[in-house]
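All of the numbers you see were taken from the coordinates with simple rules; none came from a lab. Computed from a predicted structure; not experimentally measured. Cβ: placed from backbone, ideal geometry, glycine included. Neighbour counts: every protein chain shown.
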Amino acid sequence: MRRLVVGGLAVISAAVLGLVLVLVARNHSSEASLPMFIFAGQSNMVGFGAHLEETSPALPTDDSRVLYWDESLRAWSARLPSAGSARTFGPDVTALRRLADRLHEHVLAVKFAVNGSGLAYDWDPSRPDGLYARLRAAVADAIVAPVGRRWPKVNGFFWMQGERDGETPEASAAYETNLRNLITRVRADFGDDKLPVVLGRVRLSEPFATTVRAAQDAAAHRMAKVKTLNTDRLVLAADGVHYDTGAIETLGRQMADAYLTLS
């Protein structure tokens, strides 16, 4: 994991970074804050099967009410993080627009999703070189970058992941424990033990997906302010694994609506 600089101080350990995040979150008053949402997971959060040119009406590639954290520029940007050469987009696009509409507010986002990544290993919060460590570092950068005179405040966590863990009996059996650990860690690191969490329920596309799905539902039942979305009616792309363009648009709106019931 790279050496991170926050507010001019070198952050060299997970413990120190976590403390910085909590202190920043607690010291920025709600009156001076802007809502920031985290979107994480694997390919269906990336939006592997959704393409901007297939949307109708066309989705704008920028919205003045919505800003994403650009880690390469270390700055806020209206440009979609996934609108590269492939012109793909994830559920974050319609989720954030829905949230901006419903909250009557500008909204911020940190998105970090990786195709084919698993919770059991890749997203393990205890790995100093893992995906969670990279996500947390991005949030640490974003949370100390004000927009005008208003500071980012983490208001919700969206998770769309589970297909990779559904490939093996070991990872699927451990999924509930791993998911609850992830949620607990997210809440601890970002200074809110009741942070709303929205989970996209995994589709039955992998051999042990039923176990992963049951684990997601169990985590939502046993933890406060966690909600699982039923994705069964969302249309899959031709590969039978990823959601198509219309499904990703719908999923984003459903994620936003689910968050609003928890907040």
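Compute the length gained on full extension between Y121 and E71: take 0.36 nm times their separation in residues and subtract their Cα-Cα distance, giving the result in nm to one decimal. Could you put the intermediate results ahead of the total?
On the way: separation 50, 0.36 × 50 = 18.00 nm, distance 2.32 nm.
This chain segment gains 15.7 nm when fully extended.
Taking R0 as 22 Å, what FRET efficiency do you get between K227 and A173 from their Cβ-Cβ distance, rounded to the nearest 0.05?
On the way: r = 23 Å, r/R0 = 1.06.
Efficiency, rounded to the nearest 0.05: 0.40.
Rounded, prolate or oblate, given the Cα gyration tensor of the range 4-262, with a/c below 1.5 counting as rounded? Before the final figure, lay out the partial values.
Working: a/c = 1.60, a/b = 1.16, b/c = 1.37.
Oblate is the answer for the range 4-262, as a/c is 1.5 or above yet b/c matches or exceeds a/b.
Checking the cross-link filter: which aspartates and glutamates have an alpha carbon closer than 16 Å to that of K227, excluding same-chain neighbours under 8 positions apart?
E176, D193, D217, D257
Mean projection of the alpha-carbon convex hull of the range 113-182 over all orientations, in nm²? Numbers along the way, then the final one.
Numbers: hull surface 21.5 nm².
Computed as one quarter of the Cα hull surface, the answer is 5.4 nm².
What ranking do M160, M36, M223 get, fewest neighbouring Cβ atoms within 10 angstrom at the top?
Details: M160 30, M36 22, M223 16.
Lowest to highest Cβ neighbour count: M223, M36, M160.
Is the range 56-209 best put as rounded, prolate or oblate by its Cα gyration tensor, with a ≥ b ≥ c the root eigenvalues, rounded for a/c under 1.5, and otherwise prolate when a/b is larger than b/c, oblate when not? Can you show the working numbers first?
Numbers: a/c = 1.86, a/b = 1.42, b/c = 1.31.
Judged from the Cα gyration tensor, the range 56-209 comes out prolate (a/c at least 1.5, a/b above b/c).
Zone of V235 (label point 7 Å along Cα→Cβ, backbone N under 16 Å): which residues in the range 242-263?
Once the point is set 7 Å along Cα→Cβ of V235, 242-252 turn out to lie under 16 Å by backbone N, inside the range 242-263.
What residue among T250, N115, S205 has its Cα farthest toward the positive end of the dipole of the range 4-262, where the charges are +1 on Lys, Arg and -1 on Asp, Glu, each on the Cβ?
Result: T250.
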